1. Give a quick list of trypsin sites (Lys or Arg not before Pro) in the stretch 619-669 that DSSP marks as loop, anything other than H, G, I, E or B, with at most 13 other Cβ atoms within 10 Å.
2. Based on the alpha-carbon gyration tensor of the stretch 69-144, what equivalent-ellipsoid semi-axes (square roots of 5 times the eigenvalues) come out, in whole Å, largest first?
3. When only alpha-carbon atoms count, how far does the stretch 251-331 stretch along each of its three principal axes, as whole angstroms with the largest first?
4. For each pair in Lys584/Lys658; Lys640/Lys762; Lys306/Lys362; Lys183/Lys228; Lys146/Lys191, compute the distance between the two Cα atoms and list the pairs where it is over 22 Å.
5. Taking the Cα-to-Cβ direction at Gln492 and at Glu136 and moving 7 Å from each Cα, how far apart do the two end points lie in nm?
6. Per 5 Å bin from zero, what fraction in whole % of the C-alpha pairs of the stretch 181-253 is there, up to the bin with the longest pair?
7. Quick one: Kirkwood hydrodynamic radius for the stretch 124-265, alpha-carbon pairs, angstrom, one decimal?
8. Hey, if you put +1 on the Cβ of every Lys and Arg and -1 on every Asp and Glu Cβ in the stretch 82-137, which of Tyr111, His94, His137 ends up farthest toward the positive end of that dipole?
Amino acid sequence: MEWIRNNTFFQRSNRSILNSEECDPQACYDSFKGHWYQALKVLQRVQQLPSHDDVLGVVNHLEQMVTLLLYDLKKNDRHCMTVNSSKCLEYLLHENVLDRLFEWSIRSGRYTNAVRSEQIKFYDTLIRHTRHLLLEHNSFLKPLLKLLNSCHQEIFWEEVNKLLVDLLNQLSTLLVQHPEYVKLFFVNEKKGNRFTIFSLLIPFVHKEDAIGMRARDALLLCMSLSKKNKDVALYISEISNFAVLLASGLSGLYSVLPNTIDDIGVPDWHRFTPDDVNEINGLLYFVTSLEFSNAIAQVAHPSIRKQLQEFLYRGFLIPVLGEALLQNNIQEQVAATAYLELIIRTVAEPGLLHAVLQFLIKVEYDGQRLLNILIQRIQSNDMQLCLVSLALFESMIDLNCEDLLLELVFKYLQPCFHLIMSQRKMLLPIDPLCPSFEKLLSLAPNCSQLLETDLDFDSSSGQWSHLKHKQSLYGKYYAYLCDARNKIGHCQKACLNWSNGYNGDDDILLNNEEKSDSLISLERSSGYESFSMINSDDIKEDHEFWQISSNKPRRVNINHSFEETPGLDEAPSAGPFLTILLDKLRVFMSNSIYVNLHLTGLISRLAVYPQTLLRAYLLDHNLVLQPNIPSIFEIIGVIKRQIDDYMSRQSDRVGLIKYAQEVLVNREIMLVNIRRYHMEKTSLPRPQPQESNESFQRNGPKRKSLTIPSITNIFGRRPSQLETCLPMINSAEEVQINSVYPKFNEAQHVALCAVLLDEWVKELAALAQEHTIAQLASLMN
């Protein structure tokens with residue numbers, strides 16, 4: 001067994017490659033024939049199985065033939081090459097070398113795989129240098145197909161697998177460039193035509209190494225072929241079990257993920273970072289599989305995409321992820337919610353996003369909609385669950401998906417029951433002076449304004465003197481204006497294909513008021529396939545949330561039936577989502593600073609949407625609401641009075657505000673530095689490019705605490721505006737946790753709330769101004 005231990009057949013000989021300047025073409029051709037003649041003598045021995053020396057001799061002759069053939073091919077331009085361009089190649093085909101070699105290999109006993117690997121390398125070299133030229137010749141194609149079919153349902157050792165996958169990748173690339181040759185690689189079987197290349201790649205789909213990555217690249221190429229070739233699409237969708245394999249693989253990978261995130265060491269952890277994906281056991285493999293599945297859905301034939309979405313929906317999301325989200329243990333809820341948020345950030349459209357949205361919007365557990373369960377958790381007294389829930393909805397809102405916003409917001413605002421009767425037909429006309437801007441700025445706590453006299457405020461720079469030594473955008477209103485303009489413009493473009501303007505005077509609203517029994521469908525048009533979206537009658541939603549019982553099996557209902565539209569005399573509502581957000585805002589002073597950062601960020605993100613109903617509800621203080629509808633202006637006014645009342649009783653209120661500003665500016669600088677650190681680390685060249693084709697880079701800092709929150713979480717600043725002027729830290733590990741996350745006493749906490757509120761009303765005021773400008777610009781155009 002020494003030949004196995006030493007792996008002789010896979011060690012290239014040390015003989016030097018022929019120098020093209022030292023080799024005569026005729027001598028090269030004669031040598032090529034000579035090596036084949038010597039190998040053929042071994043192949044023609046039929047009385048006994050080949051010995052070790054026989055196999056080694058054939059392998060050595062093949063290596064020499066490859067070397068000579070490469071020399072002969074290099075003389076010609078590959079783009080205008082023909083078989084007659086190379087005497088060695090012409091001889092190889094004429095003498096049927098490849099077929100003879102295959103027939104001998106299947107009689108080589110225990111050396112079959114060793115000889116097979118040499119054949120694979122031979123074909124890989126030929127295809128690499130001749131591309132599709134040889135596929136037109138039976139003396140090449142026939143033995144190639146024999147070799148590939150002999151590998152079907154075989155188990156090889158690692159080196160053979162690597163060679164096989166490399167060859168299949170070469171062939172997949174070739175077929176994408178020349179799809180007319182696809183039909184050559186179909187084998188007629190009882191249950192249908194088998195696409196040989198694809199069937200050989202399937203066993204490697206979940207392999208967690210470079211071979212698996214190479215195979216997945218080839219599978220993606222085959223998937224792209226399915227759009228061009230109906231036979232490929234038919235095989236993948238109806239004969240292979242590929243979609244089932246992907247969905248079941250995701251379920252299996254999810255099942256080994258930690259049920260709880262035990263090593264959360266900081267108070268503001270709210271979502272998985274790239275480092276978390278790399279470090280948490282099993283998470284990297286799950287994300288890799290999810291990214292691959294999403295890429296498949298993006299490039300595949302629509303029938304394959306639909307099938308994959310269906311298997312993901314019914315085989316993973318509902319039974320696996322849904323049950324995980326409904327665990328009674330708070331920490332398990334935190335982990336499952338974070339996994340869901342990561343899934344939403346990973347998938348895309350066209351891809352698997354449709355299935356995830358379907359899961360969120362349509363599925364019920366024990367009569368309660370999953371989306372409502374998740375909304376309720378924003379109110380959780382557990383800070384970690386509240387944070388991950390806010391982060392989840394931040395990612396949802398960032399999708400700019402009409403279906404989702406319709407479920408969360410617009411189906412409650414569309415009938416305008418939250419407004420008094422006189423304003424239901426038409427919302428207030430736009431006011432070019434934007435009085436809401438001044439109203440919002442007036443809601444800043446008075447204790448912050450005291451600093452203009454008690455501390456030296458530089459009106460020219462818009463900064464306090466004690467912060468001048470730090471490069472920060474703190475207090476700079478123009479930064480909020482720039483950020484608001486960019487966000488609103490981006491959101492407007494993302495919403496261009498929405499089916500409804502949601503401005504309060506649409507036909508849907510009129511039909512709803514005049515014919516309350518109408519079943520007009522609000523079909524979505526945000527680029528996703530329709531999945532029986534809600535009717536205009538679906539305005540009344542359950543405003544109570546029931547606790548899920550853990551002592552009986554859950555009933556899952558995916559055919560959601562909607563209740564009837566409320567009459568005008570029923571209690572109006574802005575919807576569970578907006579109501580719960582504003583209820584959480586009411587207890588601003590009791591929330592942790594980290595919850596308030598994300599809460600204000602989420603509300604601001606909603607205020608970015610240009611649709612009149614939502615923009616007016618959040619940013620127009622002239623809008624007259626029903627008495628029991630929460631008003632963000634009233635809530636902020638109450639918070640302002642609470643803060644000012646408390647701070648007026650503090651003798652060192654100026655020092656407290658100064659301290660709060662320092663804390664939040666230090667946090668801003670830290671977050672920007674960490675972002676720069678991530679960017680610089682991920683821009684470094686990596687030694688193994690084949691293993692780096694992933695969305696999540698694995699060479700960043702190793703700390704879950706140093707997550708990069710949304711722009712609002714660092715006072716609405718664009719990090720790019722600071723990256724060129726802030727001092728760079730050497731590594732994330734050098735940041736001291738105690739200085740980044742200090743413990744606050746009651747007075748310090750209130751001061752932090754004051755500073756945060758002062759900055760937030762600036763952000764909202766900037767949004768109100770930029771919305772006005774954008775609307776005026778659209779009217780002028």
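The values are calculated or read from the model by the stated rules, or taken from the named source; none is laboratory data. These numbers were taken from a predicted model, which means no experiment stands behind them. Cβ coordinates were reconstructed from backbone atoms using ideal geometry, including for glycine residues, and neighbour counts include every protein chain displayed. Note: accessible area is taken over every heavy atom of the protein model, side chains too, but ligands, DNA and RNA are not part of it. Shrake-Rupley method; radii C 1.70, N 1.55, O 1.52, S 1.80 Å.
1. Arg649
2. The equivalent ellipsoid of the stretch 69-144 has semi-axes of 24, 12, 10 Å.
3. Principal-axis extents of the Cα atoms in the stretch 251-331, largest first: 45, 28, 21 Å.
4. Result: Lys584/Lys658 exceed 22 Å.
5. Simple spin-label model gives 5.6 nm for this pair.
6. For the stretch 181-253, the binned pair fractions read 3, 16, 26, 26, 17, 9, 3, 0 percent.
7. 16.4 Å
8. Towards the positive end, the residue furthest out is Tyr111.
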